[in-house]
1. Might you let me know whether the range B:5-20 holds any residue that is on the phi < 0 side of the Ramachandran plot, without any contact (Cβ under 8 Å) to a residue 40 or more places away in the chain and in contact with a helix residue (DSSP H, G or I) (Cβ under 6 Å, 6 or more places away or on another chain)?
2. Residue under question is residue A:43, and the condition is that it be under 18 Å from residue A:275 (Cα atoms) and exposed (fewer than 14 other Cβ atoms within 10 Å of the Cβ); does it hold?
3. Name every residue in the range B:83-122 that is over 20 Å from residue D:104 (Cα atoms), in contact with a helix residue (DSSP H, G or I) (Cβ under 7 Å, 6 or more places away or on another chain) and surrounded by fewer than 16 Cβ atoms within 10 Å (Cβ to Cβ), in order of residue number.
4. Answer with yes or no whether residue B:28 is at pLDDT 95 or above, within 14 Å of chain C (Cβ to nearest Cβ) and either closer than 19 Å to residue C:15 by Cα or surrounded by fewer than 19 Cβ atoms within 10 Å (Cβ to Cβ) (or both).
5. Take the residues in the range D:220-244 that are touching a helix residue (DSSP H, G or I) at 6+ places or on another chain (Cβ under 7 Å) and more than 11 Å from every other protein chain (Cβ to nearest Cβ); name whichever of them is modelled with the lowest pLDDT.
6. List the pairs whose first member sits in the range B:205-216 and is without any contact (Cβ under 8 Å) to a residue 24 or more places away in the chain and at the interface with chain A (Cβ under 8 Å from one of its Cβ atoms), whose second member is surrounded by fewer than 22 Cβ atoms within 10 Å (Cβ to Cβ) and in a loop (DSSP other than H, G, I, E, B), and whose Cβ atoms are under 8 Å apart, counting only residues at least 6 apart or on separate chains?
7. Take the residues in the range D:246-289 that are closer than 30 Å to residue B:37 by Cβ and out of contact with any strand residue (DSSP E or B) (no Cβ under 8 Å at 6 or more places or on another chain), then tell me which one is surrounded by the fewest Cβ atoms within 10 Å (Cβ to Cβ).
8. Kindly indicate the residue of the range B:6-24 that is surrounded by fewer than 19 Cβ atoms within 10 Å (Cβ to Cβ) and out of contact with any strand residue (DSSP E or B) (no Cβ under 6 Å at 6 or more places or on another chain) and also nearest to the other protein chains (Cβ to nearest Cβ) among those meeting that condition.
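The values are calculated or read from the model by the stated rules, or taken from the named source; none is laboratory data. Since we're looking at a predicted model, the values are computed, not measured. All Cβ positions, even for glycine, are placed from backbone atoms using ideal geometry, and neighbour counts span all protein chains on display.
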């Protein structure tokens, strides 16, 4: 392999000697270990590792590496994935009416602050086409009604698959996706919800926040699962508000939180920082990167 | 009146000329207006004011002031209260097992950072007696079972009334109070709940926060109402946490949030900064004080 | 006047009766007072007010209003300004190499989240032209060297004046402006500095933050004054960082703080929320708007 | 060794294979690695590790372990320390007039939230004696004048050494310690400064914060070094403030920040989470503890 950064994500039952065994394995293959992050869940006796390697100076092919690694992985019951950092991931953004997250993601991608190719924007409305066009990203308008829902999802699926999309970002796409769709892209759909979940699950969170008189509002980025707004949480943030805030003010303040929260979650995913375990997302911080 | 600070809290239907009429009223009586804060709820067409006056140099008694004010208040449909700042409010703290809020409130009161007399600590357990004793505050141990609940509440009530308690602070008192009790002290019981409400209402919020995998935890101080954990929110705050946090870690991190949130809410109440309106608490910030 | 929102900003020596006199003045002219915010600086015995009026139903012209107001203002020694909300303010953005603030301001302006006309982008480099063009905003490339500095500033000045610019936003413009230039646009130039001032005034704040090993980094928006990075602070924010952060990481984390801080400061200025007093900026929060 | 948690802190020049070599070393000795945290400073090519081991089931004495470890450490040029978690560290708190940090530390220690023995409080004043007495901690009043400074420091030193103090916490001790004193307890004195350093180094930070008109205030906990307020920063935090805040208000808001910041820094030190490198403190987060 060339001088490239290889990232392994590993999940397995906890047991003595894991870090020694894994790091020795890569050391003996000639890799320089750039960072090695672990997490032990002692409630469930599970072990999680994210290890980043510099392949410079190794004389091993991807196939050889993975074959060897399998021998280590099997007896220790690893579930694992590897990313060689040599190809940008392909991203599709889904939106409805709200523009702020779309602008933000396109700007970051355009200026090299998100390491991905935004291949398309898909919307059930035509309203945000001008934004995609500003950034020269194809915009697909696929309207949806109750009757055409499964048909429309099929169209979306075809677009995603034809373009080899690795990650779907629901940047305020206000439609509930079918279980079939969601399970097909398991752990590959990130949704932004405009509340600090589990508060205000479902519709109209800002209106309900106003009515409840909360003193802070927030946003949550999570992987989409069958259960609406209940998927593994990747990132959350809040801002203080006061009794002065109307539903409109909350929306405006919230927009800035939504932007940051979604962008950070997408960055963590693209950067291979996340392992999903049950309904929890292990999000390793960046380490020397 | 002497040189003292008088605070009026006013709530009424919104209408033209309110601020001019109210401030002129006090100006003509010879008061210096130290601060005058307003809030208009345009959804409900309601007007709220907190006005602080320096009585220095006025030649008017409390009775005369209030009699005059009534003439202004009636046609404009004011609901109002006045505080003359000449007597510290009496506070009772109710606790069960958890010590951090109790320490914090007693320390602040002891060092003059909370403007009140903490007259007593009431608990259904004997566990925290040593803390009350350190601060020379009487500690009443009133155990409670399902069978003795109404009887015990009656005892609490007698203690509170005999000591002319103005504010009851439930500093992690882990019993559900009866509606009768709560309504008797309407808008005078502040409770701390160890989550960012409305998330994790009810029991075991830290355990549920762990299970849900949230990336922030919080605390909420609110007036107690019949509906558990649904009363008007006075103050909330959160801190970020990670997948590393266990239920135990969350409890520890949460303790520091609970302390600050409860202390701030109690301070706002003691300082006459709050008007309750329906299920929302209008909390005016300090202004030049 | 039509149904429009009129905002007065007033500064004067503190004295009894100010709020009564001012609010009565507007009430008698038939205005509905939407909000009335005050601040008393008791160190300097100064009084500040921001009052927002709805002109609906008044029968008075701007000239009549101001003439009458002068009669009130003179004896009470007001320094005051009035904004009738009927014209958007004209804004010029100055930049050098860094794109994030420019994108952010143009996006907000484009989507109606900043109430202004961005009339032009001025830069000493050509690098960010593509961004201005995406948003159809004229981009003026005015290079500068030590020798041409005063000449270039003259060109900038001509552009600003020809376009009746109300506010200059230095969105990471990495040139020190002359005192003449700054004083000519006193309290009308907002600069973003990439540190929590007064820490790391001057050049390379992120590098110095790394070297100092701080555990949080920040950004500060302030009015430009003759003394570099010492003008009245409008808005500041910070984010936590760790020992892991390199200068590069700090820059990336800082970019998101800079964007929010500058956008909030510009919004406050455009919305007539700020009164400058000496080296301090009184920034009234939004109130029912 | 018994079932105890052993923590090694290691610092050395960066080189290939470190994590594999170190973790294999402990694995072969029979230790279970509870957590293993690393940091590579690529500017200075330095490697840092914090590794926590469970000694349960090992058949090795402390002496044997350290002897073996030396063989690993020498060729790799480790600077290292080890803590066996079997003895609480001894802490002395130094104060002058301000009570909030003292209360907070004593309360945490008393309730088992800080893993240490607070052996004494030392003060140049007698003012806070009542607090130490509430918590049954000896209070030494050692007044100091310019003339008696070196003599008083000698007394302090004798007290510290006689009581085998591991950590000195300057909880608002308003005297400048001599270089001799500080160097004698290098990396073992934690000071709280009441500003977000490097802003407002030196005296009267709240007054200067008011005058500068900052929109946030903060606190910094750092190791004391010869250069006043310039030692390695362990922990910082801030809170937003407004133009309304006077120097007095800032002090009050700041007190709560100071308490949390100092308590967290002390906890990190006691928990062996910190490696000092030059003027920077590497502060590893808790990991599964």
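1. There is at least one residue in the range B:5-20 that is on the phi < 0 side of the Ramachandran plot, without any contact (Cβ under 8 Å) to a residue 40 or more places away in the chain and in contact with a helix residue (DSSP H, G or I) (Cβ under 6 Å, 6 or more places away or on another chain).
2. Values: under 18 Å from residue A:275 (Cα atoms): yes; exposed (fewer than 14 other Cβ atoms within 10 Å of the Cβ): yes.
The answer is yes for residue A:43.
3. Selection gives B:84 alone.
4. Criteria met by residue B:28.
5. Residue satisfying both the conditions and the ranking: D:226.
6. Pairs found: B:211/A:279; B:212/A:198; B:212/A:279.
7. D:248
8. Taking the range B:6-24 and keeping what is surrounded by fewer than 19 Cβ atoms within 10 Å (Cβ to Cβ), we get B:12-17, B:21.
Next, from what is left, pick out any that are out of contact with any strand residue (DSSP E or B) (no Cβ under 6 Å at 6 or more places or on another chain): B:13, B:15, B:17, B:21.
Details: B:13: 14, B:15: 9, B:17: 5, B:21: 8 Å.
Filtering the range B:6-24 for residues that are surrounded by fewer than 19 Cβ atoms within 10 Å (Cβ to Cβ) and out of contact with any strand residue (DSSP E or B) (no Cβ under 6 Å at 6 or more places or on another chain), the one nearest to the other protein chains (Cβ to nearest Cβ) comes out as B:17.
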